[in-house]
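Student: Below is the structure I would like to discuss, written out as structure tokens.
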Amino acid sequence: MSILAEAPPATLPFSKTKCGGCTALCCHYFALEIDAPEEPDDFENMRWYIIHEDVQIFVDDDVWYLQIFRKCQWLDGNKCGNYENRPQICRDYSDELCDLDGPESDLTFRNIEELETYRDEWVADYERKRAKKASKKARKKKSKKKRK
Ligand code: SF4
Ligand code: SF4
């Protein structure tokens with residue numbers, strides 16, 4: 001076996017890496033987890049969030065997030081300007097599942113219209129399930145009475 005075949009690949013200059021060719025998309029926003037809706041009223045706060053500028057809501061693996069598009073103050077060009085001090089979340093972030101590869105989320109609401117369309121379907125489904133549950137309960141109650 002040749003020594004060359006076993007030699008480790010040369011380290012790429014930063015400009016040739018994936019991040020080197022990116023405009024630092026991941027440093028231009030932050031996202032906070034929010035409660036997933038359980039009741040129709042739970043959409044009210046989300047309606048409020050989303051009428052603000054530079055905000056969207058996305059769902060990833062059933063977890064709901066509020067995404068705020070604001071550039072990090074430490075971003076210097078497209079590079080981290082305080083690399084040694086960067087927060088843990090930046091250290092943990094992997095370029096294997098990054099924004100450059102496209103949206104990972106299952107659902108994204110970019111404006112109130114998209115959110116309300118989803119909410120209306122969600123509420124209709126919620127009401128259907130509730131009605132089904134109520135009629136099942138009523139049937140059970142009836143059959144119990146008959147047996148007495
Ligand atoms: S992790 Fe992805 S989005 Fe962030 S700078 Fe690197 S390539 Fe760009
Ligand atoms: S601290 Fe650095 S890596 Fe983290 S978001 Fe800011 S610029 Fe990006």
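Student: Quick one: in region 75-120, which of the residues that are over 20 Å from the mean Cα position of the chain (by Cα) and among the acidic types (Asp, Glu) is nearest to ligand 1 (Cβ to nearest atom)?
Tutor: Across region 75-120, the extreme among qualifying residues is Asp76.
Conditions (1) of a type outside the set (Phe, Trp, Tyr); (2) within 14 Å of ligand 2 (Cβ to nearest atom); (3) farther than 14 Å from Pro37 by Cβ, marked per residue:
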residue: Glu96; (1), (2), (3): yes, no, yes
residue: Asp99; (1), (2), (3): yes, yes, yes
residue: Gly102; (1), (2), (3): yes, no, yes
residue: Ser105; (1), (2), (3): yes, no, yes
residue: Arg110; (1), (2), (3): yes, no, yes
residue: Trp122; (1), (2), (3): no, no, no
residue: Asp125; (1), (2), (3): yes, no, no
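Student: Can you tell me which residues in region 102-113 are at pLDDT 90 or above and either surrounded by 11 or more Cβ atoms within 10 Å (Cβ to Cβ) or not in a helix (DSSP H, G or I) (or both)? Walk me through it before giving the result.
Tutor: Our first condition is that a residue be at pLDDT 90 or above; within region 102-113, this holds for 107-113.
Within region 102-113, Leu107, Thr108, Phe109, Arg110, Asn111, Ile112 meet the criteria.
Student: Given Ala5, Ala10, which one is small (Gly, Ala, Ser), in a loop (DSSP other than H, G, I, E, B) and at pLDDT below 95? Even if it seems obvious, please write down each step before you answer.
Tutor: Working: Ala5 fails: in a loop (DSSP other than H, G, I, E, B).
Exactly one residue qualifies, and that residue is Ala10.
Student: Evaluate the following for Glu116: is it under 30 Å from Ser15 (Cα atoms) and either of a type in the set (Lys, Arg) or part of a helix (DSSP H, G or I) (or both)? Give the derivation first.
Tutor: Values: under 30 Å from Ser15 (Cα atoms): no; either of a type in the set (Lys, Arg) or part of a helix (DSSP H, G or I) (or both): yes.
The answer is no for Glu116.
Student: Here is a check on your reading of the model: is Glu116 without any contact (Cβ under 8 Å) to a residue 12 or more places away in the chain and not aliphatic (A, V, I, L, M)?
Tutor: On the way: without any contact (Cβ under 8 Å) to a residue 12 or more places away in the chain: no; not aliphatic (A, V, I, L, M): yes.
No, not satisfied.
Student: For region 57-101, give me each residue that is among the aromatic types (Phe, Trp, Tyr) and part of a helix (DSSP H, G or I).
Tutor: Step one: of region 57-101, the residues among the aromatic types (Phe, Trp, Tyr) are 58, 64-65, 69, 74, 83, 93.
The answer is Tyr83, and nothing else.
Student: Something else: Please find, among Lys132, Lys145, the residue that is surrounded by 10 or more Cβ atoms within 10 Å (Cβ to Cβ), of a type in the set (Lys, Arg), without any contact (Cβ under 8 Å) to a residue 24 or more places away in the chain and farther than 30 Å from Phe14 by Cβ.
Tutor: Answer to the selection: Lys132.
Student: Given the structure, is Cys26 in contact with a helix residue (DSSP H, G or I) (Cβ under 7 Å, 6 or more places away or on another chain), at pLDDT below 95, within 30 Å of Phe14 (Cα to Cα) and not in a strand (DSSP E or B)? Spell out the reasoning first.
Tutor: Values: in contact with a helix residue (DSSP H, G or I) (Cβ under 7 Å, 6 or more places away or on another chain): yes; at pLDDT below 95: yes; within 30 Å of Phe14 (Cα to Cα): yes; not in a strand (DSSP E or B): yes.
For Cys26, the condition - in contact with a helix residue (DSSP H, G or I) (Cβ under 7 Å, 6 or more places away or on another chain), at pLDDT below 95, within 30 Å of Phe14 (Cα to Cα) and not in a strand (DSSP E or B) - is met.
Student: Right, next: Mind listing whichever residues of region 64-91 are under 27 Å from Leu115 (Cα atoms) and loosely packed, with under 13 Cβ neighbours inside 10 Å?
Tutor: Of everything in region 64-91, those that are under 27 Å from Leu115 (Cα atoms) and loosely packed, with under 13 Cβ neighbours inside 10 Å turn out to be Phe69, Arg70, Lys71.
Student: Then there's this: Let me confirm something: among Val59, Val55, which residue is in contact with a strand residue (DSSP E or B) (Cβ under 6 Å, 6 or more places away or on another chain), of a type in the set (A, V, I, L, M), more than 16 Å from ligand 1 (Cβ to nearest atom) and more than 20 Å from Glu121 (Cβ to Cβ)? Outline the logic, then answer.
Tutor: Working: Val59 fails: more than 20 Å from Glu121 (Cβ to Cβ).
So the residue among Val59, Val55 that is in contact with a strand residue (DSSP E or B) (Cβ under 6 Å, 6 or more places away or on another chain), of a type in the set (A, V, I, L, M), more than 16 Å from ligand 1 (Cβ to nearest atom) and more than 20 Å from Glu121 (Cβ to Cβ) is Val55.
The values are calculated or read from the model by the stated rules, or taken from the named source; none is laboratory data. The structure presented is a predicted model; accordingly, all values stated were derived computationally and were not measured. Please note: Cβ atoms are built from the backbone with ideal geometry, for glycine as well, and neighbour counts cover all protein chains shown.
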